[in-house]
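Reading through the structure tokens given below for one structure.
Since every read-out is calculated from the coordinates, none of them should be taken as a lab result. The model shown is predicted, which means the values in this text are computed figures rather than measured ones. Cβ placement follows ideal geometry from the backbone for every residue including glycine, while neighbour counts extend to all protein chains displayed.
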Amino acid sequence: MCAGPHSEVRAVGPTTGKHQVYGPADRIEVLVQAGKHLARAEAGSPLWPGDGLLPPINSAEAD
């Protein structure tokens, strides 16, 4: 997720010291999982920020 769609990210396991390479297929998998989580959250109830929020910084432009 932290790099472009065609990039590889190399990570080192903190306990094993082994190198792991994450590529485009891994990025797609993470995006699919994130989409599933959002779909489940939205299916349970509408995504609504709630009541009692602070007004916009420049409320004159919001009207």
Problem - Segments 27-40, 5-18 sorted - mean Cβ within 10 Å per residue, highest first - result: 27-40, 5-18
Completion exercise
Residue-ordered couplings for the stretch 32-41, obtained by feeding phi - 60° into the Karplus form 6.51 cos²θ - 1.76 cosθ + 1.60 and rounding to whole Hz (Gly and Pro as x), are 5, 5, 4, x, 5, 4, 5, 5, 5, 5
